[in-house]
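The structure under discussion appears below in the form of structure tokens.
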Amino acid sequence: MKKILVGAGVMVAMAGPALANSETVTIPVEDYQAILKRLDALQQRVEFLEARPVAAQADEKRVVKVEQDVKTIYDGLDEIETRQLQNKINLGTELRARVDSYVVKDYPLDGDRKTDSNNWTSRFRINMDATFTETLSFHGRLAMYKNWGDSDDATASGMLIDANRAHQPSSSNLWVDRAYVDWIPEGLPVPVAITIGRQPSTEGPPFEFKENRLRQSTYPAHLFNGESDGIVATLGLERYTGIAEMGLRFGYSKFYHSDDDNNTGSAFPFLDDGEAGDSNVFGIFFESEIPGLPDSLAVLSYATVRGLPSSMIGPVLDEAAGNPANMDLGGMNIWGAQIQARNILDSGMDLFFSYGGNESSPNGTGLFHYGLLSSDGLEARTGSSIYLGARYTIPFEPLNRPKIGFEFNHGSQYWFSMTMGGTDLFNKLATRGNVYDFYYIQPVNQYLFFRAGFMHVSYDYSGSGLYAGEPAATNAILDNYYFLMDVRF
């Protein structure tokens, strides 16, 4: 018994400095001091009882009562420690199971063949966040996304890259989808938030409508939807303009990094091998709520990418012929405007519209008929795209207010967007042609919902999602039916 009380005293003594810290106290100080006094009184009672002759210790009930009191205090301390741990980092999980049934007709690489397939996938995520102070916080997400029973090499197609490892089926590995720190320096004349790390750059507006959740990303998904590493500075303008959510962002990230400086297979690891260098992305974004329209968003975006490599999502050149396997094809400018609003006039209707444009800056590289949006890498190309949609919440309580939605997007011959991290199996927002997307969302409770949908894609030109090579006319068709279960807790 004495050992138990001594152990409790040691635990409290060790916890004392942490509990006394004003940033981590989880119970009032007076309650904590009362616990110490109670432990001290109990210790004295036990010592008194143990000092009496064995024959005199007839009142066993008193000893039992002391043990029960000590256990109650232990339980209270365990609860305090658990709360302290939870206050440091919050964890949440997601699990999605999905089946797709699709048919592809007249795809350029298959000639006149018809391809159909059923594809089952599972996606598991661990979400985490921690708030250290009012001006410093951490956010992260790990993800596994794989085909059921997949035993093929996920990298064989060349389409699994750093920008979509957690958003395209790969393996049962956990990938770092995002891991960043938000820091707000104090004492500046204008509020500034610095975001450093693997950015929240996937599943941006308006994906929250179809994904049945809150906004998940900084950037509109129409222009940029991929995992990226970088640094972003956001200037808060709301206090000066009086317009909610108004801010100006400046961002820098890397789309691709060449490992010339870490070529361990070479006798001269720091010697330039003649291949493409880094691909750097610089962007500026202005966003605000639309005045007079609650729960709305307007975003203006501009980004430039310098140094797009040939081997990243384009052809692999022939090293045996004396050519580097990775050439710099040039750069790309991308811009756009987007507006969206939820529950317009309390009607249950959500709407969005987005426009995107792009212009290539080739540098003359065009080996083996693959240049930047061309066969020779000489001509500058311009492209454009529109993306619009609506979602309606059906006011029928017995079915938990289900939702129906429709989305449409169109891309021109030379349209290119950095959207390789989409949530569908197909990069629909990069389509050079037309996409019709219908879906139905059935909520079960706050943790579980089902979604069924149909997507029809009519490709007018080949190479959707690629920036290498001249897009050629095509009549390819993709029809995809899918059903998914999504659990979040």
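What follows is calculated from the coordinates using simple rules that are stated; it is not laboratory data. A quick note: this is a predicted structure, and the numbers were derived from the prediction, not measured. Cβ: placed from backbone, ideal geometry, glycine included. Neighbour counts: every protein chain shown.
Taking chymotrypsin sites (Phe, Trp or Tyr not before Pro) across the range 375-454, the ones in a DSSP loop with at most 14 further Cβ atoms lying within 10 angstrom of their Cβ are F396, Y447. R0 = 56 Å: FRET efficiency of Y240 with T93, Cβ-based, nearest 0.05? Once rounded, the FRET efficiency stands at 0.90.
Put a dot 7 Å past the Cα of F454, heading toward its Cβ, do the same for D278, and the two dots end up 4.8 nm apart.
Residue separation times 0.36 nm, minus the C-alpha to C-alpha distance between N475 and Y436: what's the value?
12.5 nm is the gain from fully extending N475 to Y436.
Once the C-beta distance of V487 and L293 is scaled by a Förster radius of 22 Å, the resulting FRET efficiency is 0.10 to the nearest 0.05.
Proximity of backbone amide H atoms, modeled 1.01 Å from N, is registered between E470 and G371, S374, S375 at under 5 Å, excluding neighbours fewer than 5 places apart on the same chain. Can you work out the FRET efficiency for the pair D40 and T382, with r the C-beta to C-beta distance and R0 = 51 Å, to the nearest 0.05? FRET efficiency, D40 to T382: 0.05.
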